[in-house]
1. Can you find, within segment A:167-191, the residue that is surrounded by the fewest Cβ atoms within 10 Å (Cβ to Cβ) among those that are among the hydrophobic types (A, V, I, L, M, F, W, C) and within 15 Å of the chain's Cα centre (by Cα)?
2. Just for segment A:132-166: of the residues that are out of contact with any strand residue (DSSP E or B) (no Cβ under 7 Å at 6 or more places or on another chain), more than 17 Å from A:His210 (Cα to Cα) and without any contact (Cβ under 8 Å) to a residue 40 or more places away in the chain, which one is surrounded by the most Cβ atoms within 10 Å (Cβ to Cβ)?
3. Being within 14 Å of chain B (Cβ to nearest Cβ) and not aromatic (Phe, Trp, Tyr) is true for just one of A:Leu3, A:Leu39, A:Leu20. Which residue is that?
4. Looking at B:Gly43, B:Gly15 in this structure, which one is in contact with a strand residue (DSSP E or B) (Cβ under 9 Å, 6 or more places away or on another chain), crowded, with 23+ Cβ neighbours inside 10 Å and modelled with pLDDT of 90 or more?
5. Which one of A:Glu162, A:Glu152, A:Glu158, A:Glu191 is farther than 20 Å from A:Glu48 by Cβ and in contact with a Ser or Thr (Cβ under 7 Å, 6 or more places away or on another chain)?
6. Quick check on segment A:234-247. Is at least one of its residues without any contact (Cβ under 8 Å) to a residue 40 or more places away in the chain and not β-branched (Val, Ile, Thr)?
7. Checking A:Ser38 against (1) within 26 Å of A:Asn268 (Cβ to Cβ); (2) out of contact with any helix residue (DSSP H, G or I) (no Cβ under 9 Å at 6 or more places or on another chain), which single condition isn't satisfied?
8. Quick one: is A:Leu217 within 18 Å of the chain's Cα centre (by Cα), within 14 Å of another protein chain (Cβ to nearest Cβ), under 21 Å from B:Asp211 (Cβ atoms) and not in a loop (DSSP other than H, G, I, E, B)?
Protein chains: 2
Amino acid sequence: MTLGLPKKVTIIEVGPRDGLQNEKSFVPTEVKKEFIKSLKNAGLTEVELTSFVSPKWVPQMGDAAEIVADCLDGDTRDIVLAPNRKGIDRVVMTDCKAVAVFVGVSNTFNKKNINKTTLESMAELKPIIGELKEKGYFVRACISTAFYCPYEGEVKPEDAVELCRQFVEAGADELSVADTIGMAAPHESYELFSRLKTEFPNTLLTAHFHDTRKMALTNIFAALQAGVDRFDTSAGGLGGCPFAPGAAGNAATEDVVYMLERIGIETNVDLEKLMQAVKIVQPHLSRPIESTYFRLNAETVK
Amino acid sequence: MTLGLPKKVTIIEVGPRDGLQNEKSFVPTEVKKEFIKSLKNAGLTEVELTSFVSPKWVPQMGDAAEIVADCLDGDTRDIVLAPNRKGIDRVVMTDCKAVAVFVGVSNTFNKKNINKTTLESMAELKPIIGELKEKGYFVRACISTAFYCPYEGEVKPEDAVELCRQFVEAGADELSVADTIGMAAPHESYELFSRLKTEFPNTLLTAHFHDTRKMALTNIFAALQAGVDRFDTSAGGLGGCPFAPGAAGNAATEDVVYMLERIGIETNVDLEKLMQAVKIVQPHLSRPIESTYFRLNAETVK
């Protein structure tokens, strides 16, 4: 018996968006730009640049237009997140051609997050996705609370699968399925992703884990065995979720890349250069970098 | 396809020995006793109590005889470690009926650790194991640096298997195979333990991981898939290795138990009581408890 692991994995870097949006202190726009450019320089080919959310609710993302104007290039898939029609209207003013939208499987979570039920969110998003696809956009559907909800507890896999189906039918190119509060256990990762792989063989499937209970790497290892070869991670383990109490950072890009490369799975990411990227943003953060790889190697990086 | 995980796992608690032996400040004997008793009270059925090493080299273990005299009972497998003939002679003066001996697969490591080559160690240990078995002892063989050595680098799986074979032939009841410096990647865990399971189907096989590079839980998950159902762990993640530069603590019992129970694998360990045990020893340690479960739950434990 072998473990049936993929030979190559794509890392979707979410630090500049999912990571920084949870930072209390505003990270200067110039620092963000340098951070993003150095992430790309480290070999990351798909990057969530920023989010077109209301600057009133998330002031950290108030410089979204400027970030996009300066950081877009032809070599990487540069993704911006937009929560609603208003955000999408701002995205289409830019040259960005990849948009992430998001919905929580849990109704309560969705309601607390964007003040809509899951049903209301989907009713708004379906026509938007249709329009975006007509205009040639890449659409990434982020499914949050796919395993557990901080308010409702366990989420039924059926409900996660059903929400994914709606996105696929609406035309989404990618499903990014998240354990938003870092609570999934590895057998749950394996089971849900096995099912999604079977149900949606023609859609890019990405797993998104938070490390709250230290199981992110194990969940990734389980998802690899389910055939997943795309993972959202965040340089430095930045992140958390303002609407998910107790959620720790995303799985750290460097810890994930280190493990994958050690297994012999190609990631295209240069760990030394990635550490340089983390060092650019580190002085501007309100908390220490907690990734293991950074702790062990930061001192040796110039 | 399913993951093929066991239904039940035995945790061998090594905190009082492998954990405390690396503590700089002497933990009072009474505290150790209370720690051990509370670990047993939490449901741990196999515990490494202490080590009959030279008190000159490891003063922390100078109270070994007193610990054994007070902590032995009929309900748990109480194990003491002895590095050589001298240590064994002290063990047989006690009522303890389970002995752990150890050898490093890596020659350099063994030499730096106990000033003998691997070959010299085995030449001394083989007749000792024979004698112990004749007297009815349970013999646990601890194989260190089974994956990587801090001095020699990669260790050949063949060499680890061969050393295990010598122990099995000498009569050992258990092989505890260790990633001493916390460097193994999960595919290596899976491969070596699959092989050992096949080679030695009639010997208890235990996996021992350190969390230096954050892969301990993933390595355990991989070993479970290889059929391993016994794991050495240390309450509070205590430990490291004085002769293995950079080695972090053992996989923390609470993090491992939490993951296993979440997967639905029975461990017999009560996490709340385990946290009480960690709180007994915590004030006497020179460093903070780093386990994730403790950080998340310590405040709610009385």
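1. Checked segment A:167-191; the qualifying residue surrounded by the fewest Cβ atoms within 10 Å (Cβ to Cβ) is A:Ile181.
2. Residue satisfying both the conditions and the ranking: A:Val161.
3. On the way: A:Leu39 fails: within 14 Å of chain B (Cβ to nearest Cβ); A:Leu20 fails: within 14 Å of chain B (Cβ to nearest Cβ).
Exactly one residue qualifies, and that residue is A:Leu3.
4. Details: B:Gly43 fails: crowded, with 23+ Cβ neighbours inside 10 Å.
Residue meeting the stated conditions: B:Gly15.
5. A:Glu152
6. No, because not a single residue in segment A:234-247 is without any contact (Cβ under 8 Å) to a residue 40 or more places away in the chain and not β-branched (Val, Ile, Thr).
7. It is condition (2) that A:Ser38 fails.
8. So A:Leu217 fits the description; yes.
The values are calculated or read from the model by the stated rules, or taken from the named source; none is laboratory data. It should be emphasised that the depicted structure is a prediction, and the values quoted were computed from it without experimental measurement. We place every Cβ from the backbone using ideal geometry, glycine too, and count neighbours over all the protein chains shown.
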